[in-house]
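Below is one structure, written out as structure tokens; the observations come after it.
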Amino acid sequence: DVKVTQSSRYLVKRTGEKVFLECVQDMDHENMFWYRQDPGLGLRLIYFSYDVKMKEKGDIPEGYSVSREKKERFSLILESASTNQTSMYLCASSPPGITNNEQFFGPGTRLTVL
Amino acid sequence: AQSVTQLGSHVSVSEGALVLLRCNYSSSVPPYLFWYVQYPNQGLQLLLKYTSAATLVKGINGFEAEFKKSETSFHLTKPSAHMSDAAEYFCAVNPSSARGSRLTFGEGTQLTVNP
């Protein structure tokens, strides 16, 4: 089974803190994604990466950055957390090539910024 | 830009009743379409996907969806709801086969199953 793991299920941070959310997948997937999920808005893509050291902005990249130094790991960084970044963050990965393949999701990190 | 519309943010059915969750997409070309389910406090899990092989797609847990190009719809159905089907359901579209193309998700539909 494909496993996508996220470093924390719940996280509480203070405004202005630097926050790292880590995601690791164990199936050698080329593509990795970070989404945030908010009630009534569905999932919105923050950033994605289709190769090591490659990154592409999604629909809502402002206030976020990402890092992909190794194929299996994709990190989401909040340089200076703000209360409007309180949300559920979901990481996903998918195999290379054919893009009608499904994305495999981690369990999510619920981030609260106070 | 691609978009997906799920009609009804909340749907409530009785156990044993038909489940119908609606999804419409905007696309100028036949896209790849997906339905995902999210159980409480979990990530998303794929229910089924449309890849142009057949218009009626069968998925896990007794769910199926029919691709109707003329209606730009991909509605999800299950003949008989079970209590364990209570979850949030997301429709998603991938319009392209280009490298790095990604999914666009609908807003989600929360399904409640009443005993």
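The values are calculated or read from the model by the stated rules, or taken from the named source; none is laboratory data. Here the structure is a predicted model, which means the values were calculated and not measured. Because the Cβ atoms are built from the backbone with ideal geometry, glycine has one as well, and the counts that use them run over all protein chains shown.
Remarks
- B:V57 being under 13 Å from the mean Cα position of the chain (by Cα), within 11 Å of chain A (Cβ to nearest Cβ) and modelled with pLDDT under 95: no
- Some residue of segment A:61-77 being under 30 Å from B:L7 (Cα atoms) and modelled with pLDDT of 90 or more: yes
- Filtering segment B:20-43 for residues that are at positive phi and touching a residue at least 40 places away in the same chain (Cβ under 8 Å) leaves an empty set.
- When each of A:F20, A:F105 is tested for being surrounded by fewer than 16 Cβ atoms within 10 Å (Cβ to Cβ), touching a residue at least 12 places away in the same chain (Cβ under 8 Å) and either in contact with a Ser or Thr (Cβ under 6 Å, 6 or more places away or on another chain) or not acidic (D, E) (or both), the lone residue that passes is A:F20.
- Out of B:K58, B:K49, sole residue that is of a type in the set (K, R) and over 15 Å from A:Q103 (Cα atoms): B:K58
- Every test in (1) touching a residue at least 40 places away in the same chain (Cβ under 8 Å); (2) under 17 Å from B:N41 (Cα atoms) is passed by A:T86 save one, and that test is (1).
- Number of the exception - A:G63 against (1) within 13 Å of another protein chain (Cβ to nearest Cβ); (2) not in a strand (DSSP E or B): (1)
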